[in-house]
Amino acid sequence: MIVNTLNPKTALFIFALLPQFVAVDAGRVWLQVLVLGLTLCVLGLTCDGMYAFAAGSAADRLRGSRAMAWVERWVGGTVLVGLGLFAAAVARPSSS
């Protein structure tokens, strides 16, 4: 949540999005913006919390798995070797 608060792109998005849902005729514009902003914060916190909970639960199950350790080792190694081969095969651009 702190990352989103300090991100200028997020602030611009919120400043562009929230005013579209404010009814000036209904009065108390500041209260409407406050309610909409707090609703956005609560929804973001709930969504991020659910992702964190799911990731933590999955990590607890996978951490002790020997099969997962084997898959991580071989997939990680294969990716690194593949990237090394790709880097070696790509020709350097000529400087002429």
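The values are calculated or read from the model by the stated rules, or taken from the named source; none is laboratory data. Because the structure is predicted, anything quoted here is derived from the model rather than measured. Every residue, glycine as well, gets a Cβ built from its backbone with ideal geometry; the counts of neighbours run over all protein chains shown. SASA here: full protein model, heavy atoms, side chains in, ligands and nucleic acids out. Shrake-Rupley method; radii C 1.70, N 1.55, O 1.52, S 1.80 Å.
The table below gives the values:
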read-out	value
Positions within segment 38-56 being open to solvent by less than 100 Å² (accessible area, probe 1.4 Å), aliphatic (A, V, I, L, M) and more than 21 Å from Ile14 (Cα to Cα), in sequence order	Ala52, Ala54, Ala55
Test: residue in segment 62-77 that is open to solvent by less than 80 Å² (accessible area, probe 1.4 Å) and in contact (Cβ under 8 Å) with a residue 40 or more places away in the chain	no
Val35 vs. criteria β-branched (Val, Ile, Thr), modelled with pLDDT of 85 or more and surrounded by 10 or more Cβ atoms within 10 Å (Cβ to Cβ)	yes
Residue match in segment 80-94 (condition: surrounded by 10 or more Cβ atoms within 10 Å (Cβ to Cβ) and of a type in the set (Lys, Arg))	no
Search result, residues across segment 39-96 that are closer than 30 Å to Val22 by Cβ and of a type in the set (Phe, Trp, Tyr)	Tyr51
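A quick yes/no check of all residues on (1) assigned to a helix (DSSP H, G or I); (2) touching a residue at least 40 places away in the same chain (Cβ under 8 Å); (3) among the basic types (Lys, Arg):
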position: Leu17; (1), (2), (3): yes, no, no
position: Val33; (1), (2), (3): yes, no, no
position: Leu45; (1), (2), (3): yes, yes, no
position: Ser94; (1), (2), (3): no, no, no
